[in-house]
Amino acid sequence: MVVFITIMMMLFYSYLFPSSEEKETAWCGVVDTIDEISKDKREGRKLFNANCASCHRLDKHSTGPALRNIDLDSLSLQKYLNSEQHGQRFPQFTTEQLYEILEYTKD
């Protein structure tokens with residue numbers, strides 16, 4: 001009974017006073033501290049991890065080239081992703097989503 005009460009008190013205490021430590025999340029070779037990413041870049045990170053991270057990394061060559069600070073605007077990127085030059089096509093992306101991905105890849 002004492003053990004049960006102790007565990008319950010610990011859970012209650014951790015609920016009332018959560019840890020303020022930064023938590024890291026790993027996505028297919030991309031590690032970011034959630035607190036360091038602005039709210040605007042979070043959606044871009046999600047899109048990048050769901051669609052790009054299987055072939056690309058931000059800072060090193062993988063199956064595809066590194067994508068940190070690529071020099072394209074969202075319209076040029078959309079045109080490239082739907083061309084023969086890019087291996088897989090991504091017609092589902094809107095211009096806004098591509099802009100969010102490009103914002104995420106910037107320093």
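The values are calculated or read from the model by the stated rules, or taken from the named source; none is laboratory data. What you see is a predicted model, and the numbers here were worked out from it, not measured in a lab. Here the Cβ is made from the backbone with ideal geometry for all residues, glycine too, and neighbour counts use every protein chain on show. Keep in mind that these areas ignore ligands, DNA and RNA; they rest on the heavy atoms of the full protein, side chains included. Shrake-Rupley method; radii C 1.70, N 1.55, O 1.52, S 1.80 Å.
So Phe12 ticks every box in (1) assigned to a helix (DSSP H, G or I); (2) modelled with pLDDT of 75 or more; (3) out of contact with any Cys (no Cβ under 8 Å at 6 or more places or on another chain) but one. Which box is left unticked?
Here Phe12 clears every test but (2).
Let me spell it out: the conditions are (1) farther than 13 Å from Thr105 by Cβ; (2) in contact (Cβ under 8 Å) with a residue 40 or more places away in the chain, and Leu58 meets all of them except one. Which number is the exception?
Of (1) farther than 13 Å from Thr105 by Cβ; (2) in contact (Cβ under 8 Å) with a residue 40 or more places away in the chain, only one is false for Leu58: (1).
Every residue in the stretch 74-86 that is free of Cβ contacts under 8 Å to residues at least 12 places away in the same chain and either part of a loop (DSSP other than H, G, I, E, B) or under 13 Å from Leu102 (Cα atoms) (or both), please.
The answer is Ser76, Asn82, Ser83, Glu84, Gln85, His86.
Taking the residues in the stretch 38-75 that are open to solvent by less than 50 Å² (accessible area, probe 1.4 Å) and of a type in the set (Gly, Ala, Ser) as candidates, determine which candidate is nearest to the chain's Cα centre (by Cα).
Taking the candidates together, the pick is Gly44.
In the stretch 89-107, how many residues are of a type in the set (S, T, N, Q) and in contact (Cβ under 8 Å) with a residue 12 or more places away in the chain?
Counting residues in the stretch 89-107 that are of a type in the set (S, T, N, Q) and in contact (Cβ under 8 Å) with a residue 12 or more places away in the chain gives 3.
Kindly check whether there is at least one residue in the stretch 46-68 that is part of a helix (DSSP H, G or I), among the charged types (D, E, K, R) and at pLDDT 90 or above. Walk me through how you get there before you give the answer.
To start, the set of residues in the stretch 46-68 that are part of a helix (DSSP H, G or I) comprises 46-51.
Imposing the further condition that a residue be among the charged types (D, E, K, R) reduces the set to 46.
Then keep just the ones that are at pLDDT 90 or above; that gives 46.
Among the residues of the stretch 46-68, at least one is part of a helix (DSSP H, G or I), among the charged types (D, E, K, R) and at pLDDT 90 or above, which makes the answer yes.
Out of curiosity, is Leu102 at pLDDT 85 or above and open to solvent by 40 Å² or more (accessible area, probe 1.4 Å)?
Working: at pLDDT 85 or above: yes; open to solvent by 40 Å² or more (accessible area, probe 1.4 Å): no.
In short, no.
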